[in-house]
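Visitor: The structure follows.
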Amino acid sequence: MIFMPNWLNDAVFYEIYPQSFCDTNGDGIGDIEGIISKLDYVKSLGCNAIWLNPIYDSPFMDAGYDVRNYKKVAERYGTNDDLVRLFDEAHKKGIKILLDRSRSHIRPKRMVLGGQESRKERIFKPLHLYKERMGRTAAVPYDVRTLRA
């Protein structure tokens, strides 16, 4: 069974692409501090949740979706401490934060998924399996071990 928190039933999301949202340090790139500074604005729109596009360490060859390290915030956006502060400030205002983990994207240097498969086998190896759940077909990650990283 898939767990879904109750707050999702009434969630009204505001999607933020950090790079272009709000720049507070003058480098032309949006940052976590900029998101924090706009929380009241997001709340005023009637939103109680933010879907935050990838903010992780990345070479940015694919707009940040080519994640290098899921445990580190990209320097252009701030620090891990800034992200913790964003969560704290958002929760004080009744806003939930949903981080986009983008697990279906892989960075070029990590394209080999393991083993000794030939190039052809790797290219055609399915990235997702499909299972019947609760009367509907749902995509599940090919290698569920990646979810435990």
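We did not get these values from a lab; they are worked out from the coordinates using the rules stated. No experiment lies behind these values; they were computed from the predicted model shown. Glycine gets a Cβ as well: all are built from the backbone with ideal geometry, and neighbour counts include every protein chain shown.
Visitor: Considering only the other residues whose Cβ falls under 14 Å of the Cβ of Gly26, what net charge follows from Lys and Arg at +1 and Asp and Glu at -1? Could the numbers behind the result be given before it?
Guide: On the way: positive: Arg76; negative: Asp23, Asp27, Asp31, Glu33.
Counting the neighbours of Gly26, the net charge comes to -3.
Visitor: Taking square-rooted eigenvalues a ≥ b ≥ c of the alpha carbon gyration tensor, is the stretch 1-103 rounded, prolate or oblate, where a/c under 1.5 means rounded and, failing that, a/b exceeding b/c means prolate?
Guide: On the way: a/c = 1.93, a/b = 1.24, b/c = 1.56.
Oblate, because a/c is 1.5 or more while a/b does not exceed b/c.
Visitor: Take peptides 32-38, 58-64 and line them up by average Cβ neighbours within 10 Å, highest first, as a rough protection proxy.
Guide: Details: 32-38: 19.4, 58-64: 15.4.
Top to bottom by mean Cβ count within 10 Å: 32-38, 58-64.
Visitor: Less than 12 Å Cβ to Cβ from Ile95, Lys/Arg counted +1 and Asp/Glu -1: what total charge do the surrounding residues give?
Guide: Working: positive: Lys38, Lys43, Lys92, Lys93, Lys96; negative: Asp40, Asp88, Glu89.
Within the 12 Å Cβ shell, the charges total +2.
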